[in-house]
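I'd like to ask some things about the structure below.
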Number of protein chains: 4
Amino acid sequence: MSRFSIPVRVYWEDTDAQGVVYYANYFRFMERARSEWLRARGVEQATLAAEQGLVFSVVDTGLRFHRPARHDDLLDVSAVLADARGARFRFVQDIRRGGPEGELLCTGHCDAACIDATTFKPRRLPRGLFGEPE
Amino acid sequence: MSRFSIPVRVYWEDTDAQGVVYYANYFRFMERARSEWLRARGVEQATLAAEQGLVFSVVDTGLRFHRPARHDDLLDVSAVLADARGARFRFVQDIRRGGPEGELLCTGHCDAACIDATTFKPRRLPRGLFGEPE
Amino acid sequence: MSRFSIPVRVYWEDTDAQGVVYYANYFRFMERARSEWLRARGVEQATLAAEQGLVFSVVDTGLRFHRPARHDDLLDVSAVLADARGARFRFVQDIRRGGPEGELLCTGHCDAACIDATTFKPRRLPRGLFGEPE
Amino acid sequence: MSRFSIPVRVYWEDTDAQGVVYYANYFRFMERARSEWLRARGVEQATLAAEQGLVFSVVDTGLRFHRPARHDDLLDVSAVLADARGARFRFVQDIRRGGPEGELLCTGHCDAACIDATTFKPRRLPRGLFGEPE
């Protein structure tokens, strides 16, 4: 299970008056990494919504904070698919400073579901969507 | 033209590492005031979208910053309709600290248009929508 | 343990193109409730920082999503202190639609620590800060 | 005056329930472009703050919206220094879809001032800071 990750630069918008990144904003970084993971696998969220009426929705998420990130830091945000079955899938994610081998700042997870864009009911993940063996 | 305004508390999410409110977030506060102005006039944006396919879209906006707001400040954010004709309307807005007579922090404007929710084309404001004389 | 809560209106800024509140923004709502809980106990975060050099920092947080909130919804966001010892404390929180007895949308927790504003090292919570018996 | 610009991907966090980018978030994109413009000129905001006690603060900003950006769009956000004298400087900026020659979505400006990080009083821009001829 290789570690997929993206670089994320910290801008003023991400920080708060304590001088560090505001805690909720790490969840925004995590979502960017998941979106790029999907793109890297050729999954176009817009196409999936338009052609199959499917969207992804977060069911449960959490983060543990080890060290704060600061303005201008260059972060490395990972997204690793840990499980996928039925309508559900799980990402484990971490955030590091200065690259994939950098100092660990946060670790977390995101459980999501594939749902119908209109009814919001769970829908089985399309076969092979995430490139897993069939 | 009386000054409609709402109280807005500044939370950590609104500030940045300079210790003050991040400049783009004042535009969020201004939109809250405009939404409450609409609600006070009985304009339900959801109903307008569902029944008439109309939404409001910002065309031009600007802000001049006089003094910074800080964490925990209680702001007063105004929305005053300055003009409305055809599909267009203009709000003039200001942000004060400590109430409607408080210290002036920012002054700005927001020009918006009534548009079709699907085609995004301009649509004449429904007659009497903003409570103006017919 | 009574349920402390605050009303939170959902504005456009809180939603995303799926038509619901963006998942990370619920964490902003939770922080507002915690800040108001502190204010209700007479804890001034600015004073605590200025006079004692203490700030609060999130150590671990999580949310489970049951139903989505939408634009214009009036939410009720709770903050209940579940534990406090040494430098650490835990809030359990939920988000409901339409008031304290309303439909349950999310449930979560926030573990935080009292830390030194400069060194970011843990510091024991000042005695009686949260109104607990001494 | 060459056009400096950066690519910005639109994520869910940037959009709202109208299906387009929320208007205040374009100001976040503009600030990212200005920060990268500074970095490209070798101006480290952290160093400037730590060593000279100088920060930049927005004085006046505005945006005109021509066409909306959508989820997953790849934007090109420019920052061009149009003027700099005394403590003040002006950027003119635009946002395009699909690259520097792409469809024009917004045009705007940002007037900023160099200020003392503590007193917030204007301070003359350090000589040659922006690479202009002396």
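The values are calculated or read from the model by the stated rules, or taken from the named source; none is laboratory data. Note that the structure is a prediction, hence the values are computed from the model and not measured. Ideal geometry is used to build each Cβ from the backbone, glycine not excepted, and the neighbour counts take in all protein chains shown. Calculation scope for accessible area: heavy atoms of the full protein, side chains included, ligands and nucleic acids excluded. Shrake-Rupley method; radii C 1.70, N 1.55, O 1.52, S 1.80 Å.
Output the residue which, of all residues in segment B:18-33 that are at pLDDT 95 or above and part of a loop (DSSP other than H, G, I, E, B), is farthest from the chain's Cα centre (by Cα).
Among them, the one singled out is B:V20.
Take segment B:1-40 and flag every residue that is small (G, A, S) and within 14 Å of C:Y11 (Cα to Cα).
B:A33, B:S35
Additional query: Within 14 Å of chain C (Cβ to nearest Cβ) and closer than 19 Å to D:W12 by Cβ: does that describe A:V43?
Criteria not met by A:V43.
Select from segment C:80-122 the residues that are hydrophobic (A, V, I, L, M, F, W, C), within 13 Å of another protein chain (Cβ to nearest Cβ) and under 17 Å from C:N25 (Cα atoms) and list them in ascending order.
Listed by number, the residues that qualify are C:L105, C:C106, C:C110.
If you don't mind, there's one more thing I want to ask. Could you check A:D94 against (1) closer than 21 Å to C:S57 by Cβ; (2) without any contact (Cβ under 8 Å) to a residue 12 or more places away in the chain; (3) acidic (D, E) and say which number it fails?
Against the list (1) closer than 21 Å to C:S57 by Cβ; (2) without any contact (Cβ under 8 Å) to a residue 12 or more places away in the chain; (3) acidic (D, E), A:D94 comes up short only on (2).
Look through segment D:3-17, keep the residues that are in a loop (DSSP other than H, G, I, E, B) and touching a residue at least 12 places away in the same chain (Cβ under 8 Å), and return whichever of them is least open to solvent (accessible area, probe 1.4 Å). Can you show your working first?
Restricting attention to segment D:3-17, the residues satisfying the condition of being in a loop (DSSP other than H, G, I, E, B) are D:3-4, D:10-11, D:16-17.
Now restrict to residues that are touching a residue at least 12 places away in the same chain (Cβ under 8 Å): D:3-4, D:10-11.
Details: D:R3: 81, D:F4: 47, D:V10: 0, D:Y11: 25 Å².
Selected residue: D:V10.
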